[in-house]
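Q: There's a structure below that I have some questions on.
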Amino acid sequence: MSLFNELKRRKVFKVGIGYVLIAWLVAQVLQLVFESFGTPDWAIKTVLAMLASGLPFALFFAWAYEMTPEGLKRDKDVRRPQPITPQTIKNLKSSKASASNLYSAIYKSRCKEIADWGLVESILESSTRNNPTSGITGVLIATQTHFLQILEGEFEALNETLERISRDTRHERVQMIRFSDIKKRRFDDWAMHGIGLFDLNSELTIKLCQKFGDDNGNVRLPTTAPEVEELLDIAMLEESATAATAAMGSE
């Protein structure tokens, strides 16, 4: 990764620009206040110097630390999902060490267009056509901007599926969140099931955004396995409640 991309990833540029704008605004306000009270020039210059000297510290903290759901952490201590590439698949194959041949994979990706039920259904259609022959089961969670998918299957079939997913042109920035062996399937009845978070009621949307974060009005899909499991539980519970209400209304 180039230095420019690393600075961009760690939000050093954003922090630097934000600090300069805030410092400029603070300086303008203080200058008006100081002039109103007849504060000597040396005091104003001292404050300006202090604001300017704070920039290197702001850039350092942006480089070295990151704010996470667990609090402020050093950048090197933050676990991040890795992009799914042919090398990722190769590493997974070479690291096979479990006696179990059943595995689960979780990945997150960004939609190349605004996602709606039409796009989700097209993904489900191809998944339900391909997955049964390879023994893959799972669930797809979608917002207007991102996908989050949990897949289950035997080791080789799951890797082949991930390799195919990495080439799908409907999304980009595919990132692996977890790849691990499991004792049994959770979604054995679903060749692929879709859950859309873009048409939830406003109350649930606000609740999920408060819990997992807001992404321009969408629920921010998590990047850690425990949070993914928690989001899935909430989404499936809401789906079951909606289905039950609909069934009662049709009686």
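Rule-based calculations on the coordinates, nothing more; no lab input. This one's a predicted model, so the numbers in the text were calculated from it and none came from an experiment. Cβ sites come from the backbone with ideal geometry, for glycine too, and all protein chains shown count toward neighbours.
Q: Tally Lys/Arg at +1 and Asp/Glu at -1 over every other residue whose Cβ is under 15 Å from the Cβ of ARG185; what's the total?
A: Cβ neighbours under 15 Å give a net charge of -3.
Q: When ranked by the protection proxy of mean other Cβ atoms within 10 Å per residue, highest first, what sequence do the peptides 220-226, 16-22, 103-109, 237-243 form?
A: So the peptides 220-226, 16-22, 103-109, 237-243, ranked by packing, come out 103-109, 220-226, 16-22, 237-243.
Q: Here's another thing I want to ask about it. Please list, ordered by chain and number, the residues whose modelled amide H lies under 5 Å from the amide H of TYR65; skip anything fewer than 5 residues away on the same chain.
A: ASP75
Q: Pull up all non-local amide H partners of LEU102: gap of 5 or more, or a different chain, and H-to-H distance under 5 Å with H placed in the peptide plane.
A: The answer is ILE182.
Q: What is segment 82-250's relative contact order, in percent, from Cα pairs under 8 angstrom and six or more apart in sequence?
A: That works out to 30 percent.
Q: If you don't mind, another one. Listed highest first by mean packing, meaning other Cβ atoms within 10 Å per residue, what order do 53-60, 154-161 come in?
A: 154-161, 53-60
Q: Filter the cross-link list LYS8/LYS112; LYS112/LYS183; LYS8/LYS184; LYS108/LYS207; LYS112/LYS184 down to pairs whose alpha-carbon distance in this structure exceeds 31 Å.
A: Checking Cα-Cα distances, LYS112/LYS183; LYS8/LYS184; LYS112/LYS184 exceed 31 Å.
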